[in-house]
Each structure stands twice: as C-alpha cells, then as structure tokens.
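Notes follow the structure.
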Amino acid sequence: MNLLSFFQRRRGSAPIARDRLQMLLAHERAALGQRDLVAVLREEILAVIAKHVRVDQDKVRVKMDRRNAISTLEVDIEIETGTGQTRLALAG
Amino acid sequence: MAKVLVVTSGKGGVGKTTSTAALGAALAQSGQSVVVIDFDVGLRNLDLVLGAERRVVYDLINVVQGEAKLSQALIRDKRVETLSLLAASQTRDKDALTEEGVGRIIAELREKFDWVICDSPAGIERGAALAMRFADVAVVVTNPEVSSVRDSDRIIGLLDSKTLRAENGERMEKHLLITRFDPAREMRGEMLKTEDVLEILSIPLLGVIPESEEVLRASNVGSPVTLNAPTSAPGRAYMDAAKRLKGEVVAMTVPTERRAGLFSKIFRRAA
C-alpha cells in the first residue's frame, strides 16, 4: 500500500462518490430530452464512411469516455478490402 | 383541501413502501384522514407492511375496471381509524391501470381524505408514471449511495416534466427523504453526507431516517414504525417528517437510538 492510497483510505470513499455523481449528473441533465448523442453520431459517421467503402455493421465498435474537461468518442471500424482487412479508427 | 402525495425513488429497495406506511400512519395518528394506495401491481407489499394482507378483497385494478366500488375496496386500519389502504392487485397485469381510471379514483379520494398517498413501484414504467401523474407533492426517497442518488435525479426530472401539474405549468412540490442513514459512517467519510446529497439533488430536505433494526422489526410484525415504535429513532424521524409535510417547522435533527447501557443490555437478555 503506498502513501497515497493510505491517505485516500483514511479520507473515506464518500468524497469520491460525490465527485463521480456530480460529474455524471451534469452530463445526464444536459442530455435530457435530446436523442442519444452516441447513437446519432455513430449512425451519421457510419453513413459517411459507407458512401465510400463497404462497412459490416457487426464489425463496428463505438466507445465513449466522459471526463471532466474532455469527452472522447472512439469509432473503430473493420473494412473489407480486396487484399484483406484494414481497420479504420477514428477518435474525436 | 386534499393533497395527493407520491412516494417515489426510481431505484428499488430504498424504502418507499416503509416510508409510505410510516408517513401515512404518522399523518393519520395526528388526526388527518389518510388513504395510502399501492401502485405496485403484481408485486404488492404495502398491505403486508401495514398488516392488512389477509383483509384484501378488492384492489385498485378492480376499482379501475369498475368491478368494485371504491368504498368496497378501501381497507380501514384497525389501529388508527383515520388510515385506509387501497391495495394493488397481485394477479393482474399492470397494463390494466389506465390513466383515465386512476384519475377518476384519485379525484374521488380527494373528496373523502385529507391526504392521498401513492406508493410508487420502482422503475420509470407505467406504474411509476401513473403513481406520480396526479400528484401535488412528491417525496423522493433516497439512500446516501451513488445509484440511488442518480435514480432520484432522474425521477426529479420526470416529476418536473411528466406530471399533470408540470404539464399545466404549475409548481410540483418536491421533498427529499434520506433513508438508511448511518451517522457514524457519514462521520468516517464512508457514506455520502446529507449536505452532498442535498446539493446534488437540490430539493428541500423533508427528513433523515437513520438505519435501525426497528424498521425491520416493524415490517416483521406488519405495523408502521411510527405506530410500532414511535419513540425509536426512525419513529421520531418519520413523525417529524410528517409534521413538516403539514407545514410545521421542526428543527432538522437526525434522531439517534438511545444506547442501552451494559447493565440494561444484560438485564434485557436475561429477561
């Protein structure tokens, strides 16, 4: 056990719970009434890519990570090519 | 002027039914006429917590469907005569609840009682939506724990958008009731503080109910804790919360159990 985790344990886990909740609810309240943003982005990004290459819907992974200052959206698409498979990863 | 109150939370197991029974009984004990309605169709429990499980003949669905009159379905409490229960159906589907039917019943109950208390099921589906639909006041039951607070936030959003009052542009009165609170764990920083929960949810505090063995004991014997153990910590906390609902100003304290000394403990064990 290092010094940091020792102090965190002494401080208790309640402040962590409070901080996590405040961040989560700020995002959830902002999204209230809107369509699921991740789903919308996923569909529109795929539509653009599908115009130019064939995309297998089962080979698409979308990851969202929400943090304090920045949120990241990762779209990972496997594309069939004549010579084999290529992966296209988008992050924003 | 009757008040329709919904006891809701989103999350299950936080103490909605216990709180409905305790607040309903406390208001009735103070002389107000109260009816408590169980909206948890298929998983009814308010009858059990009130000790009336063997007296249910007709239920909410029977009245909604016109198979029984309201007066036939109301069960009067044997201990507090101003308290009545309208049970949920245990066998029927919750789709049998219609907005029109529930609205009609609540309008009729408003004529007869001072308080109409709707015990919401967990979740945000039909039963929960109809339990809050006609409410004037909401009691949001929350445990000092992340998933409960998140679900309460969601429910507060629904109270402000999906109730009749909200749709008519009227104010929906909301109160926070923190249950299963452990002051010692809060002190040690192991449990969310009351002020943290209040700050996050930003609705006024109705009361803080301490975790207590008296709550389980009361449900074991089928008697609301305000009747079964009125001087216990949760009993007093619910009594105070009921007074605040009536608009009385009561200092906000978290009642604690009077710790039994060593000798009285030994004595009690021997007795």
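The values are calculated or read from the model by the stated rules, or taken from the named source; none is laboratory data. The model shown is predicted, which means the values in this text are computed figures rather than measured ones. Note: ideal-geometry Cβ built from the backbone for every residue, glycine included; neighbour counts use all protein chains shown. Areas reflect the complete protein model, heavy atoms only, side chains present, ligands, DNA and RNA absent. Shrake-Rupley method; radii C 1.70, N 1.55, O 1.52, S 1.80 Å.
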From the phi angles alone, apply the Karplus equation (6.51, -1.76, 1.60; θ = phi - 60°) to the range B:39-44 and give each ³J(HN,Hα) in whole Hz, x where the residue is Gly or Pro.
9, 8, 5, x, 9, 6
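Which value results for Rg/Rh of the range B:172-264 when Rg is the Cα radius of gyration and Rh the Kirkwood radius based on the inverse mean 1/r?
0.99
Rank these residues by their accessible area, most exposed first, probe 1.4 Å: B:I61, A:I70, B:I124.
On the way: B:I61 0, A:I70 105, B:I124 75 Å².
Per-residue accessible area, sorted high to low, gives A:I70, B:I124, B:I61.
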Taking the convex hull of Cα positions in the range B:163-218, its mean projected area over all directions (nm²)
5.4
Check the straight Cα-Cα distances from B:K94 and name the aspartates and glutamates below 18 Å, setting aside those fewer than 8 residues away within the same chain.
B:D38, B:D40, B:D47, B:D59, B:E67, B:D119, B:E125
Could you derive backbone 3J(HN,Hα) for the range A:20-30 from the dihedral phi with the Karplus parameters 6.51, -1.76 and 1.60 (θ = phi - 60°), listing whole Hz in sequence and x where the residue is Gly or Pro?
4, 5, 4, 5, 4, 6, 4, 6, 5, 5, 5
If I fit a long axis through the Cα atoms of helix B:146-159 and take the longest principal axis of the Cα atoms of chain B, what angle between them do I get, 0 to 90°, rounded to 10?
30
Non-local amide H neighbours of A:E80 (under 5 Å, H modeled in plane, Pro and chain starts lacking H): which ones?
A:D56
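Beyond 23 Å, what share of the Cα-Cα pairs of the range B:1-127 remains, rounded to the nearest whole percent? Don't skip to the end; give the middle numbers.
Working: 1723 of 8001 pairs.
Across the range B:1-127, Cα pairs with separations above 23 Å total 22 percent.
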Using a basic spin-label model with each label point 7 Å from the Cα along Cα→Cβ, how many nm lie between B:Q65 and A:S13?
4.6
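Per DSSP H run of n ≥ 4, the term is -39500 (n - 2.57); total these for the protein assembly as shown, divide by its residue number, and report the mean residue ellipticity at 222 nm rounded to 500 deg cm²/dmol.
Taken over the protein assembly as shown, the calculation gives -12000 deg cm²/dmol.
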Placed amide H near B:R180: partners under 5 Å, 5+ positions off or other chain:
B:I209, B:E211
Under a straight-distance cross-link criterion of Cα-Cα below 29 Å, which lysines are reachable from A:K51, leaving out those fewer than 8 residues away in the same chain?
A:K59, A:K63
Please calculate how many Å² of accessible area the range B:52-191 carries per residue, with a 1.4 Å probe and no DNA, RNA or ligand atoms counted.
47
Roughly how tilted is helix B:99-112, in degrees to the nearest 10 and between 0 and 90, from the longest Cα axis of chain B?
70
Using Cα springs under 10 Å in a Gaussian network model of chain B, which residue among B:K11, B:K246, B:K193 shows the largest mean-square fluctuation?
B:K246
On a 1.4 Å probe surface of the protein chains, which of B:M239, A:M64 comes out largest in accessible area, and what is the full order?
A:M64, B:M239
Would you mind getting me the FRET efficiency between B:R154 and A:E80? Use the beta-carbon distance for r and R0 = 51 Å, nearest 0.05.
0.80
Work the Kirkwood hydrodynamic radius out for the range B:99-173: mean of 1/r over every pair of different alpha-carbon atoms, inverted, in Å.
13.1
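Between exposed GluC sites (Glu not before Pro) in chain B, where DSSP calls loop and at most 14 other Cβ atoms lie within 10 Å, what's the longest gap?
It runs B:1-66.
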Just to confirm the filter: which trypsin sites (Lys or Arg not before Pro) across the range B:142-178 are DSSP coil and have at most 11 other Cβ within 10 angstrom of their Cβ?
B:R171
Accessible area buried at the B-A interface, both sides summed, 1.4 Å probe (Å², nearest 100)
1200
Ranked order, B:M187, B:M252, B:M172, B:M1 - accessible area, probe 1.4 Å, largest first
B:M1, B:M187, B:M252, B:M172
Between the modelled labels at B:E81 and B:M1 (7 Å from Cα along Cα→Cβ) the distance in nm is 3.0
Once the Cα gyration tensor of the protein assembly as shown is diagonalised, semi-axes √(5λ) in Å:
43, 30, 18
Considering all projection directions equally, how large on average is the shadow of the alpha-carbon convex hull of the range B:17-83, in square nanometres?
4.4
May I ask you to evaluate 6.51 cos²θ - 1.76 cosθ + 1.60, the Karplus curve with θ = phi - 60°, for each residue of the range B:51-68 and list the ³J(HN,Hα) values in order in whole Hz, giving x for glycine and proline?
x, 10, 4, 8, 10, 7, 10, 10, 10, 3, 5, 4, 6, 4, 7, x, 7, 8
Cα gyration tensor of chain B, axes a ≥ b ≥ c as square roots of the eigenvalues: rounded (a/c below 1.5), prolate (a/b > b/c) or oblate?
oblate
